[in-house]
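The values are calculated or read from the model by the stated rules, or taken from the named source; none is laboratory data. Computed from a predicted structure; not experimentally measured. Note: accessible area is taken over every heavy atom of the protein model, side chains too, but ligands, DNA and RNA are not part of it. Shrake-Rupley method; radii C 1.70, N 1.55, O 1.52, S 1.80 Å.
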Amino acid sequence: MTLLRGIADDRELIDWLTNYIFPTERRFVDENFVRVGTELACWEMIRGGTTTFVDMYYFPEAVARAVEKCGLRVLVAASVINQKSPDAADVAQSLRQAAEFVGHWKGRNNRIIPAIAAHAIYTLKPEQLVEIRATARALGVPISIHISESRFEMDFSQRNYGTTPVKFLDGLGFLDGPTIGAHLVWPTDEEIAILAARHVGVIHNPTSNMKISSGISPVARMLKAGVAVGLGTDGTASNNDLDMWEEMRLAAFLQKVA
């Protein structure tokens, strides 16, 4: 998403996503867009000292090929979402393509780990989330998903499922397998215990969480509970850079503020 840097500032997550990012992606994003964007992202990450990253986007084949050339390590998660996207007409096609991508790259290069990305609980139906986990389990690969990123997601989960996002996913059996949870800004103490018990790897993205008004993730509480927490930038459209040094500084400062 480096080519979408700074495209929509001063917006909360759901406004930013549905009214700016999704429409822009449908209009402009294609395989070449992703290739060029990934090459630029690799240059920026190498320049800043990053050696390993997790990616969740469209045209994962283009991402993997770019990273294969640049020399970084990556977990490439092919996006599955219940809507028309730049590389699929619907959720069935996106999941089928994700499985094909995994089959092509699993074991091919030890620097490139293929995975499947379930976008979020508000862009996928419960039965689709169950199918994604079953597919990942059958293929022996991890899943990456946005979880508890915003107040909108918390309200959506309570309104539609009568519970919070982590508990909802756990009730589906979705967390029964290698899972990377992006953001985790609003987990309850009960949910933090679930994350630890299920060995969910959390990625904290402090700049992104501030830019799109998502909130302050309870990183100190998660670490104390034994949750594995990693650090990320999120994409440049919600940051607007891939500077891990800035993330380290802000991650520490935000916990002091909280």
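State the Kirkwood hydrodynamic radius of the chain in Å, one decimal place, computed from all pairs of distinct Cα atoms.
18.3 Å
Between amide H atoms placed 1.01 Å from N, distances below 5 Å from Ile203 occur with Gly181, Ala182, His183, Gly230, all of them 5 or more places distant or on a separate chain. Here the gap between Gln83 and Arg96, fully extended at 0.36 nm per residue and compared with their Cα-Cα distance, gives a gain of 3.3 nm.
Helical runs (DSSP H, four residues minimum) scored at -39500 (n - 2.57) apiece and divided by the length of the chain put the mean residue ellipticity at 222 nm at -14000 deg cm²/dmol.
Taking the protein heavy atoms of the stretch 4-58 in the context of the full set of protein chains, the accessible area attributed to carbon and sulfur is 49 percent at 1.4 Å. Shown for the stretch 104-258: lysine pairs separated by 8 or more places, or found on different chains, whose C-alpha atoms are under 29 Å apart, numbering 9. Taking amide hydrogens as placed 1.01 Å from N in the peptide plane, the amide H of Ala117 sits under 5 Å from those of Ala78, Ser79, Val80, Ser144, each at least 5 positions away in sequence or on another chain. From the alpha carbon centroid of the stretch 16-79 to that of the stretch 181-258 is 21 Å. With only Cα atoms counted, the stretch 105-162 has Rg and Dmax values of 14.0, 43 Å.
Ligands, DNA and RNA left out, the 1.4 Å accessible surface of the stretch 143-258 is 58% carbon and sulfur atoms. Taking every full run of DSSP H in the chain, the ones that stretch at least 18 Å from end to end by Cα along their long axis and average -0.5 or higher on the Kyte-Doolittle scale are 31-48, 91-105, 126-139, 244-257. Rolling a 1.4 Å probe over the heavy atoms of the protein chains gives the stretch 1-115 an accessible area of 49 Å² per residue.
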